[in-house]
Amino acid sequence: MTLIESALSARKQAYSPYSNFMVGAALRCNDGSIFTGCNIENKSYSLTICAERNAIFQAIAKGNRDFKSIAIVGGADEFTAKTIPCIPCGACLQVLAEFCKPDFPILLADGVHLLKEFLPVLFNLPE
Ligand code: THU
């Protein structure tokens with residue numbers, strides 16, 4: 001199974017009754033392990049968690065911080081998810097940047113992008 005296929009499979013678990021937008025993410029670690037996540041919404045809308053952060057946090061909680069790449073798919077239906085790129089939100093990019101280099105590959109429906117393409121600058125604490 002490709003990483004995009006893993007993300008498509010994870011997308012099926014999305015709980016998104018408020019937006020009807022279903023997102024799946026699959027994070028490959030350098031030891032070969034893969035962690036997946038979907039978006040989970042809440043009536044109290046701001047409690048929603050994105051698919052990407054769900055996958056990243058699951059990996060970290062299991063002791064994996066060494067990431068190789070991430071695949072992300074999203075859309076109301078599977079055809080959209082397979083064909084239209086779902087660009088990660090700024091919050092998820094900042095979380096990725098905590099653990100990944102600027103040239104970290106982000107696999108979307110239209111091909112491979114790099115973290116630095118979507119997040120050229122990031123928040124940093126003063127030295
Ligand atoms: N969402 C993600 O899962 N990842 C993103 O990078 C952006 C948005 C989710 C949050 C919400 O459940 C739905 O997509 C619509 O914003």
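The values are calculated or read from the model by the stated rules, or taken from the named source; none is laboratory data. Computed from a predicted structure; not experimentally measured. Here the Cβ positions follow ideal geometry from the backbone for every residue, glycine too, while neighbour counts run over all protein chains shown. Just so you know, the surface numbers come from the protein's heavy atoms only, side chains and all, with ligands and any DNA or RNA stripped out. Shrake-Rupley method; radii C 1.70, N 1.55, O 1.52, S 1.80 Å.
Net charge around E78, counting only other residues with Cβ within less than 9 Å of its Cβ (Lys, Arg = +1; Asp, Glu = -1)? Walk me through the numbers on the way to the answer.
Values: positive: R11, K12, K82; negative: D77.
Neighbour charge sum, excluding E78 itself: +2.
Taking the mean number of other Cβ atoms within 10 Å as a proxy for protection, how do you rank 2-8, 41-47 from highest to lowest?
In decreasing order of mean packing, 2-8, 41-47 become 2-8, 41-47.
Using Cα pairs under 8 angstrom and six or more residues apart, how large is the relative contact order of region 3-118, in percent?
Numbers: 256 pairs, mean separation 27.2, N = 116.
Result for region 3-118 is 23 percent.
Can you give the accessible area per residue of region 17-127, in Å², using a 1.4 Å probe?
The answer is 57 Å² per residue.
Cα centroid distance between region 4-50 and region 54-110, in Å?
Centre-to-centre (Cα) distance: 9 Å.
Size of the dipole of region 26-85 about the Cα centre, Lys and Arg at +1 and Asp and Glu at -1 on the beta carbon, nothing else charged, in debye to 20? Let's see the in-between values first.
On the way: 7 positive and 6 negative charges, 34 e Å.
That gives region 26-85 a dipole magnitude of about 160 debye.
Where the accessible area of the chain is counted over protein heavy atoms with a 1.4 Å probe, how much of it, in %, is carbon and sulfur?
Carbon plus sulfur share of accessible area: 57 percent.
Obtain the nm distance between the two label points defined at V121 and Q13 by a simple spin-label model: each point lies 7 Å from its Cα along the Cα-to-C-beta direction.
Rounded to a tenth, the inter-label distance reads 3.8 nm.
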